[in-house]
Amino acid sequence: MSNRILDLLAGDAQADKVVPPSGFTATLTLFSAAAMGFLAVFALALSLATARLADRWGSELARSSTLRISAPTDQMAAQTEAALKVLGTTKGVASARALDQEEQRALLEPWFGPDLPVETLPIPQLIEVIEDTEGFDADGLRLRLAAEVPGAVLDDHTRWRRPLIRAADRLRLLGLVSLVLIGATTAAIITLAANAALAANTRVITVLRLVGALDTYIARAFVRRFTLRALVGAMIGVSLGGAAILLLPSVDEGGSFLTGLGFQGLHWLWPMVIPPLAAIVAFIATRAAARRTLKDMS
C-alpha cells in the first residue's frame, strides 16, 4: 500500500492529462474532503474530551465521599465533632474535614446566587471524606454513624459516579462512530465523483485503449488525482477545524464540559493523522470505482 501511494505521489505527466484538472468533480472532492476533515476534528475532540472527563470523574469521585449532617442548630456542632471522631477512627479514611460556610456558599451559589445567607438557613453541615487506596467499608461506616451520629447520612457518590462515567463512555463511543461515518461518507462522495469523472471521459478512455493503454494505467491517473484532491481538501478542513477549536473557551474560563472540548498536550498530534487517512480512503474508493467502471466499459 505504501509503495503504491508513493508511486501515486510521483505521478505521470502524461497520465494526468486523462483526468480534467478542474470541473465539478474537482470542486466536489475538495469541498467534501475539507468538510469531512473539519467535522472529523470535532468528532475527535469530542472523543478525547469525554475520555478525559470519564477518567477525571472516575478518579476524583471514586476516592471522595460526602457526609451530610441534619440536626437542630444547638446540636449541629456536637454531631459534627462526633462524626469527625468516627471518621478519624475508621479504617480506609485518609482524611475528613467539615466544610466552612464559605465553601458551602460556593457550592450553593450556582443555584441560589452569591448572596445566599448560609449562616441563617437550616442547611445541613457537609463533611468531605477522602479515602485511601484501600478504601473503607461504606455499609459498616453507615451502621456506626447511625448509632453514634443519628443525623448523619453518608453519600459515597456511587449513584452519581456510575451514570456520569457511563454517559461519558457513550459520548466517547459516539465520537468514534462519528469518525467512522465521516470516513464512509467521504468514501461515498469520492466514489460518486470518480464515477462521474470516468463517465465524462469515456471518449478519452476509448482512444487511450485504441493506442494500447492498459486499464491499470488509466485507473492510476484517476486514483492519483482524486487521492491528492482528498489530501489537500482534508488538510484545509483540519486547519480550519483546529483554528475553530482554538477559539473555544479554555477550561479556566468556565466549569462546564463544553469548555474542555479540545485537545491537550500531545493530543494535538491526532488531527494531523486525518489528512493521510482521508488520502487512503480516497485511494481505496477511487481505485475500486475506476476498476469497476473500466470493466463495465469493456
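The values are calculated or read from the model by the stated rules, or taken from the named source; none is laboratory data. It should be emphasised that the depicted structure is a prediction, and the values quoted were computed from it without experimental measurement. Counting neighbours? That spans all protein chains shown, and the Cβs are built from the backbone with ideal geometry, glycine included.
Quick notes on this structure:
- Tally of residues being farther than 17 Å from Arg292 by Cα and among the hydrophobic types (A, V, I, L, M, F, W, C) across segment 214-241: 9
- Thr286 meets the stated requirement of being at pLDDT 80 or above, in contact with a helix residue (DSSP H, G or I) (Cβ under 6 Å, 6 or more places away or on another chain) and part of a helix (DSSP H, G or I).
- Those residues of segment 121-175 which are over 21 Å from Glu103 (Cβ atoms), part of a loop (DSSP other than H, G, I, E, B) and in contact with a strand residue (DSSP E or B) (Cβ under 8 Å, 6 or more places away or on another chain), in sequence order: Asp132, Phe136
- Selection from segment 89-112 of residues that are in contact (Cβ under 8 Å) with a residue 40 or more places away in the chain and either in contact with a helix residue (DSSP H, G or I) (Cβ under 8 Å, 6 or more places away or on another chain) or in a helix (DSSP H, G or I) (or both): Thr90, Val93
- Scanning segment 260-284 for residues that are within 14 Å of Arg52 (Cβ to Cβ) and of a type outside the set (Phe, Trp, Tyr) returns Gly260, Leu261, Gly262, Gln264, Gly265, Leu266, His267.
- The set of residues in segment 71-88 being part of a loop (DSSP other than H, G, I, E, B) and touching a residue at least 40 places away in the same chain (Cβ under 8 Å) consists of Ala71 alone.
- Candidate set: segment 175-215, residues that are of a type in the set (Ser, Thr, Tyr) and under 22 Å from the mean Cα position of the chain (by Cα); chosen: the one surrounded by the fewest Cβ atoms within 10 Å (Cβ to Cβ): Thr185
- Yes/no for Asp132 being farther than 18 Å from Arg52 by Cβ and either over 31 Å from the mean Cα position of the chain (by Cα) or in the same structural domain as Gln79 (by TED's automatic domain parsing) (or both): yes
- Residue ID - farthest from Asp155 (Cα to Cα), chosen from residues in segment 19-68 that are surrounded by fewer than 22 Cβ atoms within 10 Å (Cβ to Cβ), at pLDDT below 80 and aliphatic (A, V, I, L, M): Ala26
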